[in-house]
Amino acid sequence: MESNVEEIYTMTKLIKLTTKYNDIEDRIEIIGETSQNDYVTFSLTQRLLLRLLPSLFTWLETHNSLCKGNFTNQNLKLDECIESEVKPASITNTQNWLVEEVDITANVSYLSLRFRKSHTEQTLLNLTAPELVQWLLILRSLWKISEWHSTVWQQYPVDSDFNKPPPESEYRYH
């Protein structure tokens with residue numbers, strides 16, 4: 001017998017985001033603002049990030065003429081990334097969900113990441129090469145804070161300061 005039930009899902013597109021490390025859950029948490037001024041919060045496990053990062057690095061190496069495969073050659077500073085952050089204190093009643101899958105769609109001018117919990121909860125994030133570099137710099141700084149093993153970052157040309165402990169005043173979120 002065929003089912004006539006139509007699956008309804010919501011695709012949320014992010015325009016701003018804040019990425020932070022949640023030390024209690026040992027996860028990376030993303031708080032995103034949509035074009036309708038709504039907020040969505042979701043978490044990424046280290047295991048999922050370890051599978052995602054090599055694909056991001058590969059796309060970046062082929063699409064970012066500024067980077068040329070080396071994050072330290074960027075003129076971008078982490079402080080510049082912080083200016084556009086979503087203010088976590090202004091967010092109320094957002095439900096935090098755990099990302100189960102990430103779909104990657106590569107385009108000539110940007111990379112689309114579709115974070116999915118199920119077929120019903122999905123969030124889309126489009127990143128140009130410079131935006132991806134900024135987000136990777138933030139992820140790398142949070143990776144240091146989390147004290148996760150740095151092998152994934154050592155496989156790609158990043159600065160030699162990665163294994164140094166973060167300064168005491170380093171941000172817990174960006």
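Every residue, every condition in (1) of a type outside the set (A, V, I, L, M); (2) free of Cβ contacts under 8 Å to residues at least 40 places away in the same chain, yes or no:
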| position | (1), (2) |
| --- | --- |
| Ser112 | yes, yes |
| Thr123 | yes, no |
| Asn126 | yes, no |
| Pro130 | yes, no |
| Val133 | no, no |
| Ile138 | no, no |
| Ser141 | yes, no |
| Glu147 | yes, yes |
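Take the stretch 95-133 and flag every residue that is surrounded by 20 or more Cβ atoms within 10 Å (Cβ to Cβ) and closer than 12 Å to Leu17 by Cβ. Passing the criteria: Leu113, Phe115, Thr123, Leu125, Leu127. Of the residues making up the stretch 107-127, those that are at pLDDT 90 or above and either aromatic (Phe, Trp, Tyr) or over 15 Å from Ile30 (Cα atoms) (or both) are Tyr110, Leu111, Ser112, Phe115. Could you tell me whether Glu33 is among the charged types (D, E, K, R), part of a strand (DSSP E or B), within 17 Å of Ser112 (Cα to Cα) and modelled with pLDDT of 65 or more? When the stated conditions are applied, Glu33 passes them. Within the stretch 148-170, identify whether any single residue is modelled with pLDDT of 90 or more and touching a Phe, Trp or Tyr at 6+ places or on another chain (Cβ under 7 Å), and answer yes or no. Looking for residues that are modelled with pLDDT of 90 or more and touching a Phe, Trp or Tyr at 6+ places or on another chain (Cβ under 7 Å), one finds none in the stretch 148-170, hence no.
The values are calculated or read from the model by the stated rules, or taken from the named source; none is laboratory data. Fair warning: this is a prediction, and the values are worked out from it, not measured in the lab. Every residue, glycine among them, receives a Cβ derived from its backbone with ideal geometry; neighbour counts consider all protein chains shown.
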